[in-house]
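Below: one structure in structure tokens.
The values are calculated or read from the model by the stated rules, or taken from the named source; none is laboratory data. Quantities reported herein were computed from a predicted structural model and do not represent experimental measurements. Reconstructed Cβ throughout: ideal geometry from the backbone, glycine too, with neighbour counts over all protein chains shown. Accessible surface areas use protein heavy atoms only, side chains included; no ligands, DNA or RNA. Shrake-Rupley method; radii C 1.70, N 1.55, O 1.52, S 1.80 Å.
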Amino acid sequence: MVLFVVGILVGIASPSMQVMIERNRTEAQLNAIYSTLLTARSEAISRNQPAVICKSADRSACTTSGNWEQGWLLYIDADDDGTFDASEELITSKGALHTGFTLRAASPLNNVVSFRANGTTNSTGSMKLCPPSEDTDHSYNVVLSMTGRARVSSEVVSCP
């Protein structure tokens with residue numbers, strides 16, 4: 001009888017547990033990109049040099065292929081040429097997002113996000129984070145304004 005009751009409770013709790021796990025994973029992925037944007041802006045201001053976030057598949061070089069879910073680099077662009085050179089300081093790198101997550105940006109954020117020394121950016125737009133289930137209830141937009149401030153919005157109409 002005890003096993004029967006435990007089985008019923010597990011059956012009831014299992015779907016809500018899966019939703020909670022997916023929500024936590026989504027929020028962890030969201031925090032990764034959001035905190036990188038905040039760090040980039042802060043580093044640009046504190047160092048009085050441009051800071052750049054670029055897509056990276058190998059955590060050591062920027063790429064223009066693929067999407068943001070493959071990972072990214074944050075570096076100080078000391079010579080302000082938009083290219084990650086061996087002499088430039090790598091602040092942080094992020095590997096691929098958890099399996100099945102997508103992080104897509106609209107132009108002009110397709111490949112890089114740049115912050116000027118004063119913390120502003122010329123690349124306004126948004127990045128859409130979607131969980132594997134493509135459930136828009138657990139999807140987010142990270143919106144970047146001209147002032148360089150990032151904000152999170154849960155207004156996602158569709159996922160890729």
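Could you give the nm distance between label points at Ile21 and Asn122, where each point is 7 Å from its Cα heading toward the beta carbon?
Placing both labels 7 Å along Cα→Cβ, they lie 4.6 nm apart.
A further question on this structure: Calculate, in nm to one decimal, what Ala57 and Asp137 gain on full extension: separation in residues at 0.36 nm each, minus their alpha carbon distance.
26.0 nm
Calculate, for the stretch 82-145, the solvent-accessible area per residue in square angstrom, rolling a 1.4 angstrom probe over the heavy atoms of the protein chains.
On the way: 2880 Å² over 64 residues.
Per residue, the stretch 82-145 has 45 Å² of solvent-accessible surface.
Something else: Which percent of the accessible area of the chain is formed by carbon and sulfur heavy atoms (probe 1.4 angstrom)? Don't skip to the end; give the middle numbers.
Working: 4630 of 8580 Å².
Taking all protein chains in place, the chain shows 54 percent carbon and sulfur surface.
Take the Cβ-Cβ distance between Thr92 and Met146 as r, set R0 to 25 Å, and report the resulting FRET efficiency rounded to the nearest 0.05. All intermediate terms of the calculation are to be shown ahead of the outcome.
Numbers: r = 24 Å, r/R0 = 0.96.
The computed FRET efficiency comes out at 0.55.
Mind pulling up the Rg/Rh value for the stretch 60-160? Radius of gyration and Kirkwood radius, both on Cα. Write down the numbers at each step before the final one.
Values: Rg = 14.3 Å, Rh = 14.6 Å.
Ratio of gyration radius to Kirkwood radius for the stretch 60-160: 0.98.
Looking at the stretch 19-74, which GluC sites (Glu not before Pro) are DSSP coil and have at most 10 other C-beta atoms within 10 Å of their C-beta?
Numbers: sites: Glu22, Glu27, Glu43, Glu69; in loops: none.
Hits after loop and neighbour filter: nothing returned.
Now, a different point. If one takes the longest principal axis of the Cα atoms in the chain, at what angle in degrees, from 0 to 90 and to the nearest 10, does the Cα axis of helix 2-47 lie?
Its long axis makes an angle of about 10 degrees.
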